[in-house]
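Notes follow once the structure below has been shown.
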Amino acid sequence: MTKEEAYLRIIALRKELNNHNKLYYVEVQPVISDFEFDTLLKELQNLESQFPEFYDENSPSQRVGNDINVEFNQREHKYPMLSLGNTYNEGELRDFDNRVKKALGEPYTYVCELKYDGVSISLTYINGKLEYGITRGDGTKGDDVTANVRTIKSIPLVLSGIGYPSEFEIRGEIFLPRPVFEQLNEEKLKAGEAPYANPRNTAAGTLKLQNSSQVAKRKLDCFLYYIPAENTPTVSHYENLMMAKTWGFKVPDYTKRCNSIEEVLEFIHHWDLQRKTLPFDTDGIVIKVDNISQQQNLGFTAKEPRWAIAYKYQTERAETQLLSIDYQVGRTGAVTPVANLAPVQLAGTTVKRASLHNADQIALLDIRLGDWVYVEKGGEIIPKIVGVNIEKRNGTGSPLIYISQCPECGTPLIRATGEAAHYCPNDEGCPPQIKGKMEYFVSRAAMDINCAEATIDLLYRNGLLNNVSDFYSLKKEQVLKLDRFAEKSAENLIKSIEDSKKVPFPRVLSALGIRYVGETVAKKLAQYFKSMEALKAASVEQLLEVEEIGDRIAQSLVEYFNTPKHIAIIKALEDAGVQLKLSDEETKTFSEKLTGYTFVITGTYKHNSRDQMKTLVEKHDGKISSGVSAKTTYLLAGEKPGPDKIQKAQKLGVKIISEDEFLKLIE
Ligand code: IVH
């Protein structure tokens, strides 16, 4: 294919993929299968890597983000991002309507919308291209999270349709759809980690992740609801949103124009029940005066617009009696207190248990056994106790004393300074921790051994499994002796264990469940050290050289490898034939031109994405490190490099090279 042909095909593919993206994520009406989409995307990715000169940050191939950590720059808002006045009752809403009526002295229309429960975002488009995504921050300036925003598939990178202003801002709410949130939490629980509290906090946390490829995996979504400007495309807020929809924005359909406050109240009552069937969280209704010049006449107070108000639904709350408290120990040893309650109806379900979070929360509530407590189900799946009805206390209960020993193994609990949770430190001898480690070890993302939780429990209780290396000494005859096992199922288990010996080293490393060493960190470590042998021998200083490895992870690794029991487990895995180093295929390099060189990369590059630059360094046997230090050979500076890195390199006399100079090195 000639360069010209490639260029034309790249442009055509980008256009087609952008359109399918819109059909799938914005209009939710896909016309091709996922497979067909992926095939087109792959074709584009191949062409783009063959012809890096056609790189475009707005290409649909860039939606996957990159795994460079960035600190956010602050950016000023052109129009301050104000909040909305709140009300929880009809009377106050009528007061709002009376104020509007009096101030305008002419007929007016409202637009009712749902109040989406996420994080607000301001998007700026210049000549139809996404330029900035800025969080609300303090209202006057916020964090520039553009790189993360670019990974959200329902936000157009390039606008379609006609009639958009050459430069404009549009605001909306980034949120995590409930099914995505629930799946994320299921995965967390499986991995033995504490679940996220609710979709809103998770969305907020995700948007602030410093690594956009992590954001891309989280499947955030975005609804748009406001165009702030003096010169909006039409004089009606509603019409503006309908126009924005034709440009490719996801403007929700849950809106209505209302001609009276009675109609507004009807809308509110309708959604009070209906909102529970939606796949995202809403905590109320936003009521806005539709006409833009009327909006301007009404104006703003210091904090909020006078032309809009939020009606918030009451969080549902029930009152019931606290019967007892259980203490659960998770895979990592963290202890969670859980309240057992007299069953009570709340938001359509019977609630019998509620989370009490930690010792501080119990002390704060001054809760006692037998107390009548208030239970709420906000955005959370697990209901929580939010208060005590002191009037109903009969004086017999005494304040609760938090347990000091592990309920599972009796070991005295510890609580690190600054941490909310108590921990059982007996990670090698505490049953839920031992079993939890094994459950994590067999999980799909780790060793992918087909062994259910109940089977692990059975093998553990029968003394056949005490640590993860014991899987590899299991014999079919031993398994056959257990209840529930027959010839075929025993064979399957042994075969699945045998198959896991082919699992690549990075996954084996993450399967060990070393604290703070998840999939991503394990990949980085494996890439850098190439083998367990080398990793085991690494000092804290050497570990800190690796990109993204900080003190906490380095300490945890050194501690892990200083424990004789862990060394024995690794030895047993090695004897069994588990992959403890990268394969020849994985370590194969293009050349040894960069052997012994350590690079730090900063800025953006003309010909390659940052990921491609990293791969190039590694494929020529060089190393990537996160911070400039005396050990850095080159600081590889693209466009808009980080000023701190440049300064440090100059101070330490580290040579700074450009992308072209780098490409010459490996030519
Ligand atoms: S309009 C000047 N419309 O609620 C008015 N806001 O409590 C701009 N929100 O910061 C806001 N859904 O994050 C508007 N349909 C909606 C909304 C909405 C959710 C959020 C937004 C805002 C907060 C105010």
Size of the range 210-355 as Cα extents on the principal axes (Å, biggest first): 60, 45, 32
Per residue, in Å², the accessible surface of the chain once ligands and nucleic acids are set aside, probe 1.4 Å: 50
Cβ-defined net charge surrounding ILE646, 14 Å radius [Lys, Arg +1; Asp, Glu -1]: +3
Whole-Å distance, taken between Cα centres, linking the range 143-162 and the range 201-250: 8
Cα gyration tensor shape for the chain, rounded if a/c is under 1.5, else prolate or oblate: oblate
Estimated vicinal HN-Hα couplings, Hz - the range 645-656 in sequence order (Karplus 6.51, -1.76, 1.60; Gly, Pro = x): 5, 4, 4, 5, 4, 5, 5, 8, x, 7, 5, 9
Cysteines having no other Cys beta carbon under 4.7 Å from their own, within the chain: CYS112, CYS222, CYS258, CYS451
Vicinal HN-Hα couplings computed from phi for the range 244-261 (Karplus, 6.51 cos²θ - 1.76 cosθ + 1.60; Hz; Gly/Pro x): 4, 4, 6, 8, x, 7, 8, 9, x, 8, 7, 10, 8, 7, 10, 9, 8, 5
Of LYS502/LYS588; LYS22/LYS219; LYS208/LYS276; LYS208/LYS530; LYS78/LYS101, those spanning more than 25 Å from alpha-carbon to alpha-carbon: LYS208/LYS276; LYS208/LYS530; LYS78/LYS101
Distance from the range 75-93 to the range 293-314 (C-alpha centre basis), Å: 6
Qualifying trypsin sites (Lys or Arg not before Pro) in the range 200-289, DSSP loop, other Cβ atoms within 10 Å at most 15: LYS208
Helix-only mean residue ellipticity at 222 nm for the chain, each DSSP H run of n ≥ 4 adding -39500 (n - 2.57), per residue, nearest 500: -10500 deg cm²/dmol
HN-Hα J in Hz across the range 89-101 - Karplus 6.51, -1.76, 1.60, θ = phi - 60°, x for Gly and Pro: 9, 4, x, 5, 5, 5, 4, 4, 4, 5, 5, 4, 4
5 angstrom amide H check on ILE656, placed H, neighbours 5+ away: LEU635
The range 420-464 and the range 332-394: distance between their alpha carbon centers, rounded to Å: 28
Counted charge near VAL289, where neighbours are those whose Cβ lies closer than 12 Å (Asp, Glu -1; Lys, Arg +1): +2
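The values are calculated or read from the model by the stated rules, or taken from the named source; none is laboratory data. Predicted model, so just to flag it, every value in this text is computed and none were measured. Every residue, glycine among them, receives a Cβ derived from its backbone with ideal geometry; neighbour counts consider all protein chains shown. The accessibility values were calculated without ligands, DNA or RNA, using every heavy atom of the protein model including side chains. Shrake-Rupley method; radii C 1.70, N 1.55, O 1.52, S 1.80 Å.
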